[in-house]
Structure formats: C-alpha cells, structure tokens
Amino acid sequence: MLSKQITALEAALGTRLLQRSTRRLQLTQTGNDYLQRYREILRQIEDSKARIQQLQQIPQGTLRINAAMALGLTALAPAFAESGLSAYGACSC
C-alpha cells in the first residue's frame, strides 16, 4: 500500500524519490530535499496550530460593564486587578 502511494507521488512529481534495490531503499538527493522541505512545512503547520490555540486562551475585545461608580471602585476594580484582566485595557469609566 505504501509502496503504491510513493510510486504515485513520484509519478505526480515526475522524479524518483527513492533508489530501490532488492535489499534496501535509499533516498535520492531529490527525495532527501523533498523530505526536508516537507518536514519544515509540517513544523510550520504545527507552529501555526499551537499559535492559534494559544490565542484562543487570551481574552480579546472590549469588556464594558455598566455599574454604579461606588460598586466599580469597591468591588469590580479590585476583582479585575486580582484576575489579571486589568492588563487587557484601561478602564473607560
């Protein structure tokens, strides 16, 4: 099954990726170059996935709360400071 997929890939690329003998398989120079590029592309995809997942964990956007000034000063501001939300923007009271 894998052999057929490799042969199909070689046909699509128009070049040999593997040097085959009765006892072993060895990458050609083109095959080695292709493998290195493929690994780099896979690494970039994984980095992109990780970055997107990381961004999903960070709060974004504007949080607006309408409350009495006294409540904001005595309860909300300290709660935001403790939770770390104060780092995401200034209060527009």
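Readers should treat all values here as calculations from the given coordinates under stated rules, not as data from a laboratory. Note that the coordinates shown come from a computational prediction; the quantities given were computed from them, not determined experimentally. A quick note on method: Cβ atoms are made from the backbone with ideal geometry, for glycine too, and the neighbour counts reach across all protein chains shown.
For Ala11 and Ile52, the difference between the fully extended length at 0.36 nm per residue and the C-alpha to C-alpha distance is 11.2 nm. Projecting the Cα positions of Ala77, Leu63, Gln44 onto the charge dipole of the chain (unit charges on Cβ atoms of Lys, Arg, Asp and Glu, taken about the Cα centre) puts Gln44 furthest along the positive direction.
On C-alpha positions alone, give me the angle between the axis of helix 29-57 and the longest principal axis of the chain, in degrees, nearest 10. Helix 29-57 and the main axis of the chain meet at about 20 degrees. With a simple spin-label model that places each label point 7 Å from the Cα along the Cα-to-Cβ direction, the separation between Glu82 and Arg23 comes to 7.3 nm. Using Cα atoms only, what is the angle between the long axis of helix 2-13 and the major principal axis of the chain, expressed in degrees (0 to 90) to the nearest 10? That helix lies at roughly 90 degrees to the long axis. Dipole check for the chain: with +1 at the C-beta of Lys and Arg, -1 at the C-beta of Asp and Glu, and the Cα centre as origin, the magnitude is about 660 Debye.
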